[in-house]
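Below: one structure, written as structure tokens.
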Amino acid sequence: DAAEVRATLRADAPGEMVSRHIFGQFAEHLGSGIYGGIWVGEDSPIPNTRGYRNDVVEALRKLEVPVVRWPGGCFADEYHWREGIGPRDQRPVRVNTHWGGVEEPNSFGTHEFMDFAELIGTDAYVSGNVGNGTPEEMAAWVEYITSDTKSTLAEERRANGREQPWKLPFFGVGNELWGCGGNMRPEYAADLHRRYQTFVKAPHDQELVKVAAGANSDEYNWTEVMMREAGDHMDALSVHYYTVVGDWPPRGSSFEFEEDAWIETLSRALHMDELITRHSAIMDKYDPEKKVAMYVDEWGTWYAGLPGVNPGFLHQQNTLRDALVTSLTIDIFSRHAERVKMANIAQMVNVLQAMILTDEDRMLLTPTYHAFDLYRPFQDATHLPLEIQAPNYEHADHSVPAVHGSAVRGKDGHVYVALTNLDANRGAAVSVRLQGHDATRVSGRILTAPAIDSHNTFDQPETVKPADFDGARVDGGQLTVDLPAKSVVMLQLQ
Ligand code: AHR
């Protein structure tokens, strides 16, 4: 017997624009996130365009990735950009001290990243080095990327093969300054932010959003101090939150688990709502006009690494569970569209909650990729309130609403309703009253799978993938949906 769920869609009360940048990605020099995953080099037998894997580029272009953050993460605060320009065979080889102690050849540097961003048609978000870099180094990097003058730095860029400056819309002033970025106190970090950002200057005709390094999860005092001491010197402040099963460090398997880990994961993903609400309340105190945006520039699931892989590579599988973490999180970002203007899932390829996994010349799309794909109509759409009254789904010591969702009016004018059934076993009969919207047709797509831990492998890459959905009917002002257990559905109303 299905759970009875009632909902009201307020098409007559449109809200904020849901920024496309909440569908952003994060690509760090970590494991095979860059090397092997995106970049194989021009001489590789793996089909590539100027060194970038064709299969990965094609999949990312299809997804319409709006922004990519690079080069870290922790890596950013020990990265010296000069080591990644000029002839590749002359670039210094470093040790990636954060991630597995492996060699960092520096063959993927500024030119390779900025060209990659252009190739997949995405905005670039570069994170600078506050941890062990200087303000001068940071300022020079921005000039190198953006200047159209005949300055020595701009001429050096030209000599390295790039005539026109690149577009650089977003720049991060350090990363996790409370931890791997320098173990700072927030007071010190706020002062350093003020100092470093002073010298980050784009040409006058380019807008450059400067992002301050924000809090870890529920460290609210960090946001308080950053806003109080440096709120007038930033355009955005970040927050990082990872969904972890059990305690830190993550020990849960990414692909073999039972219902207790399923519900715990989803329940922890839902915690994002409280985090955003409370960080936003602090930001509101110092910035009631919401001039400073919140960027959740790292989020996603973090499980134990796959056996046999360097644990520093953070290489994990991705199941139907991750698809639901995605849908719940995007629902939450959409509902907080007035403050949350960007989010970057960690990470894009082969690392943590990845879109794409690669193994030599093979590639697969994960359930997370497919969830991002389902939600594409949300990019730059208008948020519409969706109030849901659902019974709770309970298991082990956890209790979560059985059904979650969000709605928008897309750029194409159609109304889109996203519904997630968190219950591992029980379907839901959902009736949605459409207030201020008469629809005559509904079509949809569904993402579900045989088991909660179903996932795609290189031999069976299509176990979890979206399908057409015919379980919805609309009659004037009433939408009814038979929502299968453990599924995500995206409906289009016409
Ligand atoms: O995404 C992996 C790491 O998690 C990032 O480098 C760091 O910023 C965070 O702690």
Inset, instruction - For the stretch 65-120, just run the numbers: alpha carbon Rg, then divide by 2.2 N^0.38 Å, N being how many residues it has. - result: 1.16
Inset, instruction - State the Cα centre-to-centre distance between the stretch 200-238 and the stretch 330-391 in whole Å. - result: 24
Inset, instruction - Quick one: compute a quarter of the convex hull surface over the Cα atoms of the stretch 396-494 and quote it in nm². - result: 7.7
Legend entry - the stretch 80-200 - convex hull of alpha carbons, volume per residue in Å³: 115
Inset, instruction - Determine the principal axes of the Cα atoms in the stretch 19-379, then give the extent along each, sorted from largest to smallest and rounded to whole angstroms. - result: 60, 54, 38
Legend entry - Compactness of the stretch 220-305, expressed as Rg and Dmax over alpha-carbon positions, Å: 15.8, 48
Legend entry - Theoretical gain in end-to-end length, K167 to R445 [0.36 nm per residue, Cα-Cα removed]: 96.5 nm
Legend entry - Point-charge dipole on Cβ atoms (K/R +1, D/E -1) for the chain, about Cα centre, debye to 20: 900
Legend entry - For the chain, calculated [θ]222 nm from helices alone, where every DSSP H run of n ≥ 4 adds -39500 (n - 2.57): -7500 deg cm²/dmol
Legend entry - Ranked packing of 77-85, 284-292, 364-372, 385-393, most packed first, by mean Cβ within 10 Å: 364-372, 77-85, 385-393, 284-292
Legend entry - Among beta bridges that DSSP assigns inside the chain, antiparallel share in %, nearest 5: 60
Inset, instruction - Compute the normalised compactness of the stretch 423-467: alpha-carbon radius of gyration over 2.2 N^0.38 Å, N being the residue count. - result: 1.68
Inset, instruction - Estimate the FRET efficiency between V93 and E16 by the formula 1/(1 + (r/R0)^6), using the beta-carbon distance for r and 56 Å for R0, to the nearest 0.05. - result: 0.75
Inset, instruction - Calculate the radius of gyration of the Cα atoms of the stretch 114-265 to one decimal place, then report Dmax, the largest Cα-Cα distance, as a whole number, both in Å. - result: 18.9, 62
Inset, instruction - Alpha carbons only, please: Rg and Dmax for the stretch 258-389, in angstrom. - result: 16.3, 51
Inset, instruction - Summarise the long-distance tail of P(r) for the stretch 330-439 by giving the % of C-alpha pairs beyond 19 Å. - result: 59
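At 0.36 nm per residue, minus the direct Cα-Cα distance, what do D459 and N160 gain on full extension? Give it in nm, one decimal, please.
Numbers: separation 299, 0.36 × 299 = 107.64 nm, distance 4.14 nm.
Additional length available on full extension: 103.5 nm.
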Inset, instruction - Report the extension gain between L306 and A281 in nm, rounded to one decimal, defined as 0.36 nm multiplied by the number of residues separating them, less their alpha carbon distance. - result: 5.1 nm
Inset, instruction - Kindly provide log₁₀ I(q)/I(0) values, in the same order as q = 0.18, 0.23, 0.29 Å⁻¹, from the Debye equation applied to equal alpha-carbon scatterers of the stretch 314-361. - result: -0.63, -0.86, -1.08
Legend entry - Nitroxide proxy distance, nm - points 7 Å out along Cα→Cβ at N216 and S107: 3.4
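Readers should treat all values here as calculations from the given coordinates under stated rules, not as data from a laboratory. Computed from a prediction, not measured in an experiment: that's the story for all the values here. All Cβ positions, glycine included, derive from the backbone under ideal geometry; neighbour counts span all protein chains shown.
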